[in-house]
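Student: Below you will find the structure I want to go over with you.
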Amino acid sequence: MQRDNDHTLGHLLDRVETAAQHDDVTLRDVLDQFGERSITPFILLAALLLVSPLSGVIGMSSFIAVLVIVLSAQALVGRKRLWLPAFLLGKKMRSKHLHTTVRWLRKPCAFFDRHSGQRLQFLTTGPMRFITLLTCTILPVGWPFLEFVPFASSFGGGTVALFAFGLFTRDGLYVLLGYVSMVTVAGIFYIVLF
């Protein structure tokens, strides 16, 4: 069921495109489009960038890992206003790369928007919300080590994106799918490495 409010991926992508009006765009420019109170959508946005072709850019996995850890930790402790260090806020990216990424994400995001609803909400509140945010804080720690394995960190980004989308839309089905994804990817890595 598609939503008519701001809790859609399409709305997030629209805001990102609005931020990228000049040759370069900073994280501060994007944040200005969401406001200081938007921690969960920002976690979602960061994770989505890692699922996109941008994950192949050297340094992107590490940058997104730090960003997701900082954001998730703030949401975990119940911080109401978003805080980011100056070196992250000033991080620049070419706007054309961001526009390409947004275009690439439009179709899959529209699919998820159409197929979200108020399901299994107990997974998005209370102790389960805490556990999910804690998972989002710990999971990215390994991403920098995958930096030179092309697109390997995209699996982790996809998992965090499922978690964040579930929390953002209050659709526990996506939180559940995030846990299934995490266990599946961990199992695959275990089989490949051992």
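The values are calculated or read from the model by the stated rules, or taken from the named source; none is laboratory data. Since we're looking at a predicted model, the values are computed, not measured. Every residue, glycine among them, receives a Cβ derived from its backbone with ideal geometry; neighbour counts consider all protein chains shown.
Student: Sort out which residues of segment 61-120 are in contact with a Ser or Thr (Cβ under 7 Å, 6 or more places away or on another chain), polar (S, T, N, Q) and under 19 Å from Ala20 (Cβ atoms), and write them in order of number.
Tutor: Thr101
Student: Out of Thr101, Thr124, Thr132, which single residue is within 19 Å of Leu67 (Cα to Cα), in contact with a helix residue (DSSP H, G or I) (Cβ under 6 Å, 6 or more places away or on another chain) and at pLDDT 90 or above?
Tutor: Details: Thr101 fails: at pLDDT 90 or above; Thr124 fails: within 19 Å of Leu67 (Cα to Cα).
Being within 19 Å of Leu67 (Cα to Cα), in contact with a helix residue (DSSP H, G or I) (Cβ under 6 Å, 6 or more places away or on another chain) and at pLDDT 90 or above holds for just one of Thr101, Thr124, Thr132, which is Thr132.
Student: Here is a follow-up. Quick check on Gly90: is it farther than 15 Å from Val160 by Cα, of a type in the set (Gly, Ala, Ser) and touching a strand residue (DSSP E or B) at 6+ places or on another chain (Cβ under 7 Å)?
Tutor: yes
Student: For the subset of segment 98-119 comprising residues that are surrounded by 16 or more Cβ atoms within 10 Å (Cβ to Cβ) and not charged (D, E, K, R), which member is farthest from the chain's Cα centre (by Cα)? Working first, answer last.
Tutor: Step one: list which residues in segment 98-119 are surrounded by 16 or more Cβ atoms within 10 Å (Cβ to Cβ), which gives 98, 101-102, 105, 109, 112-113, 116, 119.
Next, from what is left, pick out any that are not charged (D, E, K, R): 98, 101-102, 105, 109, 112, 116.
Details: Leu98: 15, Thr101: 14, Val102: 13, Leu105: 12, Cys109: 12, Phe112: 14, Ser116: 17 Å.
Going through the qualifying residues, I end up with Ser116.
Student: Same structure, new question: Only one of these is part of a helix (DSSP H, G or I), in contact with a strand residue (DSSP E or B) (Cβ under 9 Å, 6 or more places away or on another chain) and within 19 Å of Ala46 (Cα to Cα): Leu167, Leu139, Leu98. Name it. Spell out how you get there, then give the answer.
Tutor: Numbers: Leu167 fails: in contact with a strand residue (DSSP E or B) (Cβ under 9 Å, 6 or more places away or on another chain); Leu139 fails: in contact with a strand residue (DSSP E or B) (Cβ under 9 Å, 6 or more places away or on another chain).
Matching residue, one of Leu167, Leu139, Leu98: Leu98.
Student: Residue pairs, Cβ under 8 Å, 6 or more apart or interchain, first in segment 39-59 and within 12 Å of Leu162 (Cα to Cα), second surrounded by fewer than 24 Cβ atoms within 10 Å (Cβ to Cβ) and not hydrophobic (A, V, I, L, M, F, W, C). List them.
Tutor: Here the result reads Ala47/Gly158; Val51/Ser154; Val51/Gly158, each pair linking segment 39-59 to a residue that is surrounded by fewer than 24 Cβ atoms within 10 Å (Cβ to Cβ) and not hydrophobic (A, V, I, L, M, F, W, C).
Student: If you take the residues in segment 139-194 that are of a type in the set (S, T, N, Q) and surrounded by 14 or more Cβ atoms within 10 Å (Cβ to Cβ), which one is modelled with the lowest pLDDT?
Tutor: Among those residues, the one meeting the criterion is Ser153.
Student: Let me ask something else. Before we move on, is Ala186 more than 26 Å from Arg114 (Cβ to Cβ) and not in a loop (DSSP other than H, G, I, E, B)?
Tutor: yes
Student: Provide a single number: the residues in segment 142-164 that are assigned to a helix (DSSP H, G or I) and of a type in the set (Phe, Trp, Tyr).
Tutor: Residues meeting the conditions: 4.
Student: Does Gly117 count as modelled with pLDDT under 90 and at positive phi?
Tutor: So Gly117 fails the test.
Student: Looking only at residues in segment 18-72 that are in a helix (DSSP H, G or I), buried (at least 19 other Cβ atoms within 10 Å of the Cβ) and not hydrophobic (A, V, I, L, M, F, W, C), which one is modelled with the highest pLDDT?
Tutor: So, considering only residues that are in a helix (DSSP H, G or I), buried (at least 19 other Cβ atoms within 10 Å of the Cβ) and not hydrophobic (A, V, I, L, M, F, W, C), the one modelled with the highest pLDDT is Ser72.
Student: From the list Val192, Val185, Val102, Val180, which residue is touching a residue at least 40 places away in the same chain (Cβ under 8 Å), β-branched (Val, Ile, Thr) and out of contact with any Lys or Arg (no Cβ under 8 Å at 6 or more places or on another chain)?
Tutor: Of Val192, Val185, Val102, Val180, the one residue that is touching a residue at least 40 places away in the same chain (Cβ under 8 Å), β-branched (Val, Ile, Thr) and out of contact with any Lys or Arg (no Cβ under 8 Å at 6 or more places or on another chain) is Val102.
Student: Moving to a separate point now. Could you check segment 1-17 and list, in sequence order, the residues that are modelled with pLDDT of 80 or more and outside any helix (DSSP H, G or I)?
Tutor: Thr8
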